[in-house]
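What follows is a single structure, written as structure tokens, with notes after it.
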Amino acid sequence: MFSYVILGARDLDRLGGFYDAVLAPLGLEREPPADDGGPAGIGWRRPGTRWPVFYVQRPWNGLPATWGNGTQVSFAAPSRAAVDSAWRAATAAGGTDEGAPGLRPPYGTDYYGAYCRDPEGNKLCIVHADGLG
């Protein structure tokens, strides 16, 4: 559905390390840096794919990056174990707990998700459910 998602970064090195840890259990790998003429950034994708890509980067307009109130990026996980692993990595790497891994029946009988915030306050969800991934 999406080609890419970008979150603004104040501390690119810190967010890069955070997302390296969180996204590895989901099968996403950091891509080589590209010089597209824009601000510095880091991207992750599934090996051998072109899209979608998740990026963190300094904002194009030069203003400070901020988190969005009501904004959430949700990542599909290949298994419940991957949800658990990614959430543990997030909270160990400086993220804050917004909801431990578990079933969320209001979203579906197979919806297994976890919620956290990255070190800059961006809200994340990691979810496994039938048909995702």
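Observations on the structure shown:
- Residue satisfying all of: in the stretch 1-52; in a loop (DSSP other than H, G, I, E, B), among the aliphatic types (A, V, I, L, M) and open to solvent by less than 40 Å² (accessible area, probe 1.4 Å); farthest from A114 (Cα to Cα) among these: A9
For every residue, the table says whether it meets (1) hydrophobic (A, V, I, L, M, F, W, C); (2) farther than 19 Å from H128 by Cβ; (3) in contact with a Lys or Arg (Cβ under 9 Å, 6 or more places away or on another chain).
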{"residue": "D13", "(1), (2), (3)": "no, yes, no"}
{"residue": "L28", "(1), (2), (3)": "yes, no, yes"}
{"residue": "D36", "(1), (2), (3)": "no, yes, no"}
{"residue": "G68", "(1), (2), (3)": "no, yes, yes"}
{"residue": "A76", "(1), (2), (3)": "yes, no, no"}
{"residue": "A90", "(1), (2), (3)": "yes, no, yes"}
{"residue": "R104", "(1), (2), (3)": "no, no, no"}
{"residue": "T109", "(1), (2), (3)": "no, no, no"}
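- Matching residues in the stretch 76-85 - criterion: being crowded, with 18+ Cβ neighbours inside 10 Å and without any contact (Cβ under 8 Å) to a residue 60 or more places away in the chain: A77, R80, A82, V83, D84
- Going through (1) out of contact with any Gly (no Cβ under 9 Å at 6 or more places or on another chain); (2) crowded, with 18+ Cβ neighbours inside 10 Å; (3) of a type in the set (S, T, N, Q) one by one, N122 falls short only on (1).
- Selected residue (criterion: most open to solvent (accessible area, probe 1.4 Å)) from residues of the stretch 53-75 that are of a type in the set (S, T, N, Q) and within 27 Å of A114 (Cα to Cα): N69
The values are calculated or read from the model by the stated rules, or taken from the named source; none is laboratory data. Remember, predicted model here, so these are calculated numbers, not experimental data. All Cβ positions, even for glycine, are placed from backbone atoms using ideal geometry, and neighbour counts span all protein chains on display. All accessible areas refer to the heavy atoms of the entire protein, side chains included, with ligands and DNA or RNA removed. Shrake-Rupley method; radii C 1.70, N 1.55, O 1.52, S 1.80 Å.
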